[in-house]
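The structure appears below as structure tokens.
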Amino acid sequence: MPYTLVDHTADIGMRVSAPTVEELFVEAAHALCDIMGGLTDHGEDAVTVRAAGIDHDELLVRWLHEVLFLVEVKGFRVSGITLQDLTDTGVTGMLAGSFSGAPLLAEVKAVTYHNLEIARIDNACVATIILDM
Amino acid sequence: MSGLTIRRLDPFRIEIARTPPMRTTGLVYANRAIERTLEQENALQQVANVAALPGIVGPSMAMPDIHWGYGFPIGGVAAFSRDDGVISPGGVGYDINCGVCCMLTGMRVGDVTPRLDRLLASLYNNVPAGVGSSNKSLAVSGREFEQVLELGARWAVKKGYAPPGDLDAHEDAGCIAGADPDAVSAKAIERGQPQLGTLGSGNHFLELDVVDLVADAETARGFGLFEGQVVVLVHTGSRGLGHQVCDDHVHGMVSAASRHGIALPDRQLACAPVTSVEGREYFGAMAAAANFAFANRELIVFLIRKTFEEVFGGSFERLGMRMLFDCCHNIAKMERIEWGGRRIDACVHRKGATRALPPGDSRLPERFRRTGQPVLVPGDMGRMSFILAGASGARETFYSACHGAGRLLSRHEAKKRAKGRKIIDELRSRGIHAMAASRATLAEEIPDAYKDVSDVVDTMTGAGIATAVARLRPFAMVKG
């Protein structure tokens, strides 16, 4: 899985890397679901997720928050993630899976903005995102 | 700590010199042992970042349980002028009014141990805990839920879940004035409503302790504490409702900060003037979430009292179960502070810090006027906790003190160190009985993951912020 956990005293950091910014959004959402225990192998449902923001950094946090809400509050368990549209101020994606409400492994309170920056390093898009646990 | 100029002022205080863009100095309460824990941390930079926000009054402070947070450091205390300062959701945190309450009992540890296994199992069954826990039996909705947000602990009393005497054992009598349920989003209500009356997970806990040392006999008597006494600590907050309120308003303030011309050293410090529309809306929503947390802890206390009644027979009053104190750890409050010889109306942010009023303070209920406010300092689950009393020196911290031991290890590192160990058995060998909804949570919360709370308390008492009253030793706990 293209993410690694990063030490943070109070919470958890995830460092996500992908060839493009679009793929970064997908991989970050996948990493978040993995940390929460919200992934599943199968599902017949699909949900459209949208978020708005002032730039890609904010969009990434808002997008991940929408995914978090869907998993924690709506009980959606995720089998696949595709990004449909990413502009400077908006993101739309599709999550496949099911509303099974299967137990989660970890409670993530929030996706924070702390020191967040989407950087391009060695032809990869990289972001370190701190989750409040 | 690169780029910061730090000097030790005395055995209990470190100053961070003011350098641009800081508007004031940083002041960190730390003895030498605490200072060593900061060497690998970014927490001091976070103290400096807070010092750069507009309208800050006095230094940007951190209590000795300081550690790396997001935006503000954990342990951070900062006051902003109500006239030209800011309010920041990140300065309160996602778990709004996460806090702790201490309930006294009239029982000695020897009264409890013969039925301890049954008591612990019953508490585990009766108090919903763990990831995604909900409480259908205490569910409320509609206008009733709005009253929870408006009234806090007063709602619990009104509904008969708590005796009226509990109220003056709460910070602000268990209700932050100015709550605006209309400023709480539908998403926040959907996320938090089913969780009223639940402990949650992470570092939240329910713990039975014995008073194993009384340091100040007169104040302990005033608090109703005696050696050998069993007390109950509960640590939880506003659950998903608070998480969502904070998230909604951080999002709104990222763009508001830009509109108001506020430069942010870290976007998580997103803020708006206290007097702005965004600032007022956040305060109303935050106060509502804080009131949810007061009600949440009271409902958990209700469940604990019922459990004690089931296990030991008789009423909770006959068992001597009364609230000592309930306080906020993550909050922003409108308070009148003293700085530079002036009294200033300020919005005081405490993120991982607690209020600490000294003897004689008119804001205290009559029962604490002579003693000062109880300051509850939970340690880790294997060592000890403390009860302190606010002292006159707390004027310099705008009447704030530490809130706990403070984390030393990341959750990731704690899990690595716990791998292969049987934490429940380790605790049992120390005479501590534990039940946990999740083994992973238990691993994250191992005692090694925290600073030695004695160092934290020594710093607070040495600096004259609080005085030691009693030491507690845990002997049973439920972890989320």
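The values are calculated or read from the model by the stated rules, or taken from the named source; none is laboratory data. Note that the structure is a prediction, hence the values are computed from the model and not measured. Backbone-built Cβ (ideal geometry, glycine too); neighbour counts: all protein chains shown.
Here are a few things to note about the model shown:
- Selection status of B:Val348, crowded, with 22+ Cβ neighbours inside 10 Å, among the β-branched types (Val, Ile, Thr), in contact with a Phe, Trp or Tyr (Cβ under 6 Å, 6 or more places away or on another chain) and more than 14 Å from every other protein chain (Cβ to nearest Cβ): yes
- Qualifying residue in the range B:120-137 (condition: over 18 Å from B:Leu104 (Cα atoms), modelled with pLDDT under 95, out of contact with any Gly (no Cβ under 8 Å at 6 or more places or on another chain) and among the charged types (D, E, K, R)): yes
- The listed residue being touching a Ser or Thr at 6+ places or on another chain (Cβ under 8 Å), acidic (Asp, Glu), closer than 19 Å to B:Ile304 by Cβ and in contact (Cβ under 8 Å) with a residue 12 or more places away in the chain, out of B:Asp209, B:Asp216: B:Asp209
- The single condition among (1) within 28 Å of B:Val92 (Cα to Cα); (2) surrounded by 21 or more Cβ atoms within 10 Å (Cβ to Cβ); (3) among the β-branched types (Val, Ile, Thr) that A:Val78 does not satisfy is (1).
- Whichever residue in the range B:198-214 is among the hydrophobic types (A, V, I, L, M, F, W, C) and surrounded by 24 or more Cβ atoms within 10 Å (Cβ to Cβ) and, among such residues, is nearest to the chain's Cα centre (by Cα): B:Phe205
- The strands (runs of 3 or more DSSP E) found entirely in the range B:393-480 that carry 1 or more residues being in contact with a Ser or Thr (Cβ under 7 Å, 6 or more places away or on another chain), under 17 Å from B:Asp209 (Cβ atoms) and in contact (Cβ under 8 Å) with a residue 40 or more places away in the chain are B:466-479.
- Restricting the first member to the range B:229-241 and to residues that are within 20 Å of B:Asp209 (Cα to Cα) and away from chain A (no Cβ under 14 Å), and the second to residues that are buried (at least 24 other Cβ atoms within 10 Å of the Cβ) and of a type in the set (Lys, Arg), the beta-carbon pairs closer than 7 Å and six or more apart or on different chains are B:Val234/B:Arg297.
- Test: residue in the range B:43-65 that is of a type in the set (D, E, K, R), within 14 Å of chain A (Cβ to nearest Cβ) and buried (at least 21 other Cβ atoms within 10 Å of the Cβ): yes
- Residue in the range A:104-122 that is of a type in the set (Gly, Ala, Ser), free of Cβ contacts under 8 Å to residues at least 24 places away in the same chain and in a strand (DSSP E or B) present: yes
- A residue that is part of a helix (DSSP H, G or I) and within 20 Å of the chain's Cα centre (by Cα) cannot be found anywhere in the range B:335-356.
- All positions within the range B:66-95 that are away from chain A (no Cβ under 11 Å) and under 23 Å from B:Ala466 (Cβ atoms): B:Gly76, B:Val77, B:Ala78, B:Ala79, B:Gly91, B:Val92
- Residues in the range B:178-194 that are over 15 Å from B:Cys246 (Cβ atoms) and assigned to a helix (DSSP H, G or I) were compared, and the one that is nearest to the other protein chains (Cβ to nearest Cβ) is B:Glu190.
- Answer residue from the range A:40-69, given it is part of a loop (DSSP other than H, G, I, E, B) and within 14 Å of chain B (Cβ to nearest Cβ) and is nearest to B:Asp248 (Cα to Cα) among those: A:Gly53
- Residue match in the range B:255-278 (condition: away from chain A (no Cβ under 14 Å), in a helix (DSSP H, G or I) and modelled with pLDDT of 95 or more): yes
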